[in-house]
Amino acid sequence: MIHGYMGKILRVNLSEGVIREEDLNQEWLKYFLGGAGLATRYLIEEVPAGIDALGPENKLIFMTGMLTGTASASASRYSVVAKSPLTGILGTANSGGNFGPQLKKSGFDGIIFEGISPEPVYLEIINGKARLHDALHLWGKTIPETEGLLQNEVKQQMTIAAIGPAGENLVRYAAIMNNKHRAAGRCGLGAVMGSKRVKAIACAGKKPIRLANEDGFRQAAKRQFDLLDESMLKVGFDAFGTNMVADMVNVRGGYPTRNWQQGVFGRIEEVNAEAMTDKVLIEGVSCFACPVACGRKTEIREGKWSGNSGEGPEYETTDTFGAMCDVSDLNAITQANYLCNTLGIDTISAGASIAFAMECFERGALDKKQTGGIEINFGDANLVVDLVEKIAYRQSIGDLLAEGTRLMAQRIGKGSEHYAMNVKGLELPAYDPRAAKICGLGYVTANRGGDHITGYVQGPTFIDMPFLIIDDSSIGDPWVANPQEAHVLVDLENALSLLDAIGACKFMGILLTAEDIVSLISTASGADFQVRDFRLIGDRIYNLQRLFCVREGINREHDRLPNRLMEDPLPDGPAAGMLVERESLEAMKDAYYQMRGWDMITGIPTPEKLHALGLDDLIETI
Ligand code: SF4
């Protein structure tokens, strides 16, 4: 038994309907620990470059972290990894709730799905026994319907991860949902699951996770719970959820509004954290073993959706269905979020795709003939809700919206690429880098495309939140592009990759130090794990993931922002007149590549760097 792990993964060949158990690759485990890092190592080994992300050669890998399911703070997370149908590069997504812990306690650290099933199936795992079942009766069902039917069928309390109609219909940003409301949301991995005709995974189990030094681990975990319990982070998140940052971003002029045409939303008080508390909040919700309750259990109390309840919206969702679409009706935003959870859709890409269509319509790049007779106007709250459903079923204009902004712009043409707000095909989240330049660098270097949580440099810039997980997260003036500050991003990307690998929530990086995490890993594994190992493994994972993207053709030239951010100055607010200037972005990239040990001209890891990380066997990839 390897301490901290179950020691086994399931390999499910869907084309043949065969399930095999495999021992975890011990060498890779030491190198990548678990989660997205370990899953990427399997992916890069087993999936050739250039394949169709929705074809039989792609593999869909679920992987828990080293500490997932243990009693350490926020040890709730699992990762899903595949080639993304939205971006064509590495697709990774991560989710909390309690699916990860239950998967592990059912007996397995992870699952590799390969091939394509001839008919819909679901995978049941109970205490080390796995079986594939027919899921024809579940196909077409929503997430809550699937949960209900499966719970009845299996006659035992199961924890379920499933896709909804969006995944079945290959919406390029379909999510995998667990515990009904928690999403492995980004990069369209729900569509990969749909392409393989896997409707759900249902698991249950009570297998113990053995640790090398149970007492030492308990003490280390308790110290962290005590620290978190007394923190302002907990107070703020418990009271307001992630939307507590809305006012802070808006006041800095970086709150994307009307598809990023503006950076200040004039009706912020209708959608900010106070408004949520007044209008829809029931209570905060925690993931497994988390002392923080940043999730929002909500209900709509008035209007046409009155009586509906669920979870959300989070900060990003409030902006993408709200200000980005010029909508301030919090009930409509909440309903759009409920529909995404019910149908299995990533809220960021959905809201961003709708906002993009609104601008195309406003500029005449889309007309009513193309939209099925619908006027897609900014500010139409009911329309936003209607479009979410159309996206899931690819009805009418929903078929185009389901492709995401990059493919939409290619099909619409007429210069719309200028304001298609994605990086490498992944729709940008709700922080405008024109108002905090280092965030632009974060978008272009994130391995899965335009993403905030890969390095979350937004924390120390937009919301003055230092990250104790690295030695120095200070950013001087966010409006100034300072290449020397690229080290903050590099350090954060590495440290947060490590948190992913152990199955911890990245928000823990705000309060916990590398030493705190090291004490957990050491006591769990029995190995003499040091801070330098923490840093090295994070760096190794980051380079491995870049290699996957390089294999798909990514280089320096693709590390670029949408033209709007580099050519259209913000028109109003405190950051009025600001851009991310091309030259300053290139200077930040130079510094970043140098700090990473990547080739300055190509942006590709050098053989020397890969050798230093112990990735010699992958040098031929470049
Ligand atoms: S901080 Fe929030 S998202 Fe992270 S584990 Fe805790 S409840 Fe879940």
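A few notes on this one:
- Scanning segment 4-44 for residues that are hydroxyl-bearing (Ser, Thr, Tyr) and under 17 Å from Glu114 (Cα atoms) yields Ser15, Thr40, Tyr42.
- Residue check: Tyr42 meets all listed conditions (1) closer than 22 Å to Cys549 by Cβ; (2) within 16 Å of the ligand (Cβ to nearest atom) but one, namely (2).
- Residue check, Asp247 touching a strand residue (DSSP E or B) at 6+ places or on another chain (Cβ under 6 Å) and in contact (Cβ under 8 Å) with a residue 24 or more places away in the chain: no
- Of the residues making up segment 211-224, those that are at pLDDT 95 or above and assigned to a helix (DSSP H, G or I) number 9.
- Hey, Leu330 away from the ligand (no atom under 16 Å from the Cβ) and farther than 29 Å from Ala436 by Cβ or not: no
- Taken over segment 11-39, residues that are under 24 Å from Val550 (Cβ atoms) and loosely packed, with under 13 Cβ neighbours inside 10 Å amount to 1.
- Restricting Asp533, Asp516, Asp539, Asp568 to residues that are under 22 Å from the mean Cα position of the chain (by Cα) and either farther than 28 Å from Ile619 by Cβ or assigned by TED's automatic domain parsing to the domain that holds Phe467 (or both) narrows the list to Asp539.
- Flag if Arg77 is within 16 Å of the ligand (Cβ to nearest atom), of a type in the set (D, E, K, R) and closer than 22 Å to Asp539 by Cα: yes
- Asn243 surrounded by 20 or more Cβ atoms within 10 Å (Cβ to Cβ), more than 16 Å from the ligand (Cβ to nearest atom) and not hydrophobic (A, V, I, L, M, F, W, C): no
- Count of segment 70-112 residues which are over 20 Å from Pro291 (Cβ atoms) and either among the hydroxyl-bearing types (Ser, Thr, Tyr) or at pLDDT below 95 (or both): 5
- Subset of segment 492-544 that is within 16 Å of the ligand (Cβ to nearest atom) and over 21 Å from Ser474 (Cβ atoms) - its residue that is surrounded by the fewest Cβ atoms within 10 Å (Cβ to Cβ): Cys505
- Checking each residue in segment 160-194 for being within 13 Å of Ser84 (Cα to Cα) and surrounded by fewer than 24 Cβ atoms within 10 Å (Cβ to Cβ) picks out only Leu170.
- Residue within segment 318-325 that is of a type in the set (Asp, Glu), surrounded by 24 or more Cβ atoms within 10 Å (Cβ to Cβ) and not assigned by TED's automatic domain parsing to the domain that holds Leu54 present: yes
Matching residues to (1) crowded, with 24+ Cβ neighbours inside 10 Å; (2) touching a residue at least 60 places away in the same chain (Cβ under 8 Å); (3) within 21 Å of Asp568 (Cα to Cα):
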site	(1), (2), (3)
Gln410	no, no, yes
Gly413	no, no, yes
Ser416	no, yes, yes
Lys424	yes, yes, yes
Glu427	yes, yes, yes
Tyr431	yes, yes, yes
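- When Ile61 is tested against (1) within 16 Å of the ligand (Cβ to nearest atom); (2) under 19 Å from the mean Cα position of the chain (by Cα); (3) hydrophobic (A, V, I, L, M, F, W, C), only condition (1) is not met.
- Residue in segment 283-298 that is touching a residue at least 12 places away in the same chain (Cβ under 8 Å) and over 30 Å from Pro101 (Cα atoms) present: no
The values are calculated or read from the model by the stated rules, or taken from the named source; none is laboratory data. Not measured: the values here are computed from a predicted model. Methodologically, a virtual Cβ is constructed for each residue, glycine included, from the backbone with ideal geometry; neighbour enumeration extends over all protein chains shown.
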